[in-house]
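Novice: After the structure tokens below, expect a handful of questions from me.
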Amino acid sequence: MARLRTAVSAVVAFTLLVVAWELAKAVLPEDGVRIGDTRVLPRTDDAAMPHVWTVLARFGEPEVAGAAAQRTVGEAVASGALFTLGLALGGLVIGGVLGAVLALAMARFGLLERALLPWVVLSQTVPLIAIAPLVAGWGGKIAILGQPWQPWTSVMVISSYLAFFPIAVGMLRGLTSPRRADVELFRSLAAGWWTTLLRLRLPASVPHLLPAVRLAAAAAVVGAIVAEISTGTRGGVGRLIIEYAQSATGDPSRMYTAILGAAVLGLVAAAAVGLLDLALRRYRGSVA
Amino acid sequence: MSRFRTALAVAASAVALAACSTVAEPSAGPPADGGLTPVSLQLQWFTQGQFAGYLAAVDQGFYEARGLDVEILEGGVDIVPQTVLAQGQADFAIAWVPKALASREQGAGITNVAQVFQRSGTYQVSFADSGIAAPADLAGRRVGNWGFGNEFELFAGMTAAGLNPAADVTLVQQQFDMEALLSGEIDAAQAMSYNEYAQVLEATNPDTGALYQPSDFSVINWEDQGTAMLQDAIWANTERLADPAYQDTTTRFVAASLEGWAYCRDNVESCRDIVVAAGSTLGASHQLWQVNEVNKLIWPAPAGAGTIDEAAWARTVQVARTAVNADGQTVITADPDADAYTNTYVEQALELLRADGVDVEGTSFAPIEVTLNPGGS
């Protein structure tokens, strides 16, 4: 029942968005709204905000008219989104493992926490555009287990770079969340560090970990798309956004198909984390 | 027990590190077994008509015939070809001369070995009824420019017309598309003859319901204004040019690349198909336009395609040293040293091509007429 309600509200929300979009087009002036020299609302003509149906119709049209291998824009966007989803999931897994290992190490050794945590925070202040060319530059220089570095490897690494942070911080918080009395109980029962970790700290970290994974999934998707744009990696939806944006002068609705694809991609990633949420439900609030 | 675990952890990280091995530096000499020499070429952007000659040389087997196995690396928003080349991740790179000179001044060891585009393709486009026919008319207007080193011809042109770019015009940072010009956000927009200018001609004019026509626009071509700078050139790694094997590879690479461009001059439609097949999504009529316009920048080449013209080079350096952009900076602060360009390899390459009967001057070149379709399709 609750799930049905979620589905209904999702459809309603989408419909409202479409209505708001078309309403803005109908009501607001074509040139947008300005206060002084600053535009506060965007232009609403067909070039800046194409009709929803124009965008949807574009999905069915061939991507490159006259090309030998025909595929529709919809197929291109779908395959691009799937490709990016794979890279983002890979980035999430790599980032998740890295973040979890860091959190465990920091929870185990106070010295490590004091030494590492500032660096973990600092890592997120380095702009992505500074890292992307650097990572892309590893191509042809590093091989993993004999496999050469592929362009998509760079995208996955950049995506994991964004994803590990919330998991490391969230899990560290979770691992140190059990009450003093509980920890002392385990100690009085002569439970070792591993036992305390498995029976107390890990279950206690779940309520902290789930929102962290949710954040990490979103970050991984954003990271993958931005990395694709930055390094020009072929095959993903990020590359499509910029390719279609190039032809936006003559065909503005096309870019929105790629943007819609990226949005759906984010929703799918969030839904995947929702499944994890269901699987770990029994641990929610188990150790208050 | 705990010590055992520590040892295990150390061993695990050692294995992980060992798994990441470094790959030996590419040596661009002919391989011992007489096979093809692997060569990588870094482009400035995604595959499109601007790079048709290199794609055609791969497709038509010109590189293979010269003993090269060429891998073409596409560019991206943050990929700087001259840096990729200087760091040894590619054997050759395509880059604009002013940007490459700026990178050289910051220490990138690269040398121009073939000036493929003999002319600049940068326009400043405005509506015909805006009354902007010359750089001086830009006074008081909203002038779009791309920044990031793509704007110096415009700034030099305005300065030469007696304008102070920082005070006399309103500078606007331009996006990838030309929407800002069509919607009237800016009065004059930067455009490449082979790309953005085609994009406005592929857009529908809301007043007529048909596509915009060239007569709707007024174009300032920096070639006519005397502030044009040299653009796409093949750059090689300066340090590696001391190696005779790399010298030989360079000659063969330049020769096969120019053969590709000669092929695109004589087979515009075929090159359009090659570019579309290489995965460009910009549309077939757009790519045909692009290949045709790029041909105009290369041909005719009286001294032989790819030859670096000393006068054009000197003008480029002059503009690069004197034109001041919106941030008050010039491209370079001192004249580039003697390693910045050399005609040695292109001359050898042209000899090879002439011996094979390839027309490398293109004196009889005539561009075709391209009809653009809506959206470039």
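Novice: Quick one: check the C-alpha center-to-center distance for region B:288-323 versus region A:1-32, whole angstrom.
Specialist: Cα centres, region B:288-323 to region A:1-32: 52 Å.
Novice: Before rounding to the nearest 500, sum -39500 (n - 2.57) across all DSSP H runs of length at least 4 in chain B and divide by the residue total; then give [θ] at 222 nm in deg cm²/dmol. The partial results should precede the final answer.
Specialist: On the way: 14 runs with 141 residues, N = 377.
Result for chain B: -11000 deg cm²/dmol, rounded to the nearest 500.
Novice: Could I have the simple spin-label model distance between A:Leu198 and A:Val33, label points 7 Å from Cα toward Cβ, reported in nm to one decimal?
Specialist: Distance between the two pseudo-spin positions: 6.1 nm.
Novice: Would you please give the FRET efficiency between A:Tyr283 and B:Asp266, computed as 1/(1 + (r/R0)^6) with r the Cβ-Cβ distance and R0 = 60 Å, to the nearest 0.05? Display every interim value, and only then the final one.
Specialist: Values: r = 71 Å, r/R0 = 1.18.
Working from the Cβ atoms, E equals 0.30.
Novice: Ranking request for peptides A:38-48, A:88-98, A:12-22: highest mean number of other beta-carbon atoms within 10 Å first, then the rest in descending order. Show your work: numbers first, answer last.
Specialist: On the way: A:38-48: 14.8, A:88-98: 22.3, A:12-22: 11.5.
Taking the mean over residues of other Cβ atoms within 10 Å, the ranking is A:88-98, A:38-48, A:12-22.
Novice: I've got another one for you. Return one number: the angle in degrees, 0 to 90 and rounded to the nearest 10, between the long axis of the Cα atoms of helix A:151-175 and the longest principal axis of the Cα atoms of chain A.
Specialist: It works out to around 40 degrees.
Novice: Jot down the radius of gyration and Dmax of region B:77-182, Cα atoms only, both in angstrom.
Specialist: So, for region B:77-182, Rg and Dmax equal 16.6, 50 Å respectively.
Novice: Kyte-Doolittle cut-off 0.5, length cut-off 20 Å along the helix's own axis using Cα: show which whole DSSP H helices in chain B pass. If you can, show how the numbers build up before the last one.
Specialist: Details: long enough: B:2-19 (26 Å, 1.22); B:244-266 (33 Å, -0.47); B:284-298 (21 Å, -0.27).
Span-like helices in chain B: B:2-19.
Novice: Compute a Gaussian network model of chain B, connecting alpha carbons closer than 10 Å, and tell me which residue from B:Ala65, B:Ala210, B:Ala161 fluctuates the most.
Specialist: In this elastic network of chain B, the residue with the biggest mean-square fluctuation among B:Ala65, B:Ala210, B:Ala161 is B:Ala210.
Novice: Right, next: Taking every residue in B:73-84, how many Cβ atoms of other protein chains lie within 10 Å of its Cβ, on average?
Specialist: Numbers: counts 5, 6, 2, 15, 11, 14, 7, 1, 0, 0, 2, 5.
Counting Cβ atoms of other protein chains within 10 Å of each residue's Cβ and averaging gives 6.
Novice: Computed from the mean reciprocal separation of all distinct C-alpha pairs, what Kirkwood hydrodynamic radius does region B:122-225 have, in Å? Walk me through the numbers on the way to the answer.
Specialist: On the way: mean 1/r = 0.0734 Å⁻¹.
With all distinct Cα pairs of region B:122-225 included, I get 13.6 Å.
Novice: Could I ask something else about it? Give the average, rounded to an integer, of partner chain Cβ atoms located within 10 angstrom of each Cβ in A:233-242. It would help to have the intermediate numbers written out before the result.
Specialist: Working: counts 2, 5, 1, 0, 0, 2, 5, 1, 0, 4.
Taking all residues of A:233-242 together, the mean is 2.
Novice: A further question on this structure: So, how do all the Cα-to-Cα distances of the protein assembly as shown break down into 10 Å bins, in percent, from 0 on up?
Specialist: Per 10 Å bin, starting at 0, the Cα pair percentages come out as 3, 13, 21, 23, 18, 12, 7, 2, 0, 0.
Novice: Moving on. When every alpha-carbon pair in chain B is counted, what percent end up more than 41 Å apart? All intermediate terms of the calculation are to be shown ahead of the outcome.
Specialist: Working: 12623 of 70876 pairs.
Cα-Cα pairs in chain B separated by more than 41 Å: 18 percent.
Novice: Find the percent of Cα-Cα distances in chain A that exceed 30 Å, and round it to a whole number. Show your work: numbers first, answer last.
Specialist: Working: 19585 of 41328 pairs.
The answer is 47 percent, as a whole percent.
Novice: How do A:Val52, A:Val206 rank when sorted from fewest to most other Cβ atoms within 10 Å of their own Cβ?
Specialist: Working: A:Val52 16, A:Val206 19.
Fewest to most other Cβ atoms nearby, the residues stand as A:Val52, A:Val206.
Novice: May I pose another question? Using only Cα atoms, figure out Rg for region B:256-298 and give it as a multiple of 2.2 N^0.38 Å. Write down the numbers at each step before the final one.
Specialist: Numbers: Rg = 9.8 Å, N = 43, 2.2 N^0.38 = 9.2 Å.
Here the answer is 1.06, to two decimals.
Novice: Against the longest principal axis of chain A, how steep is helix A:2-27, in degrees 0 to 90 to the nearest 10, with axes from Cα atoms?
Specialist: Once rounded, one gets 40 degrees.
Novice: Take each of the peptides A:185-192, A:196-203, average the number of other beta-carbon atoms within 10 Å over its residues, and list them starting from the highest. Don't jump to the answer; show the numbers that get you there.
Specialist: Details: A:185-192: 11.9, A:196-203: 17.6.
Listed from highest to lowest mean packing, they are A:196-203, A:185-192.
Read-outs: derived from the displayed coordinates by stated rules, not from any lab. Keep in mind that this is a model prediction, so the values were computed, not measured. Neighbour counts are summed over all protein chains in view; Cβ atoms, including those assigned to glycine, are modelled from backbone coordinates with ideal geometry.
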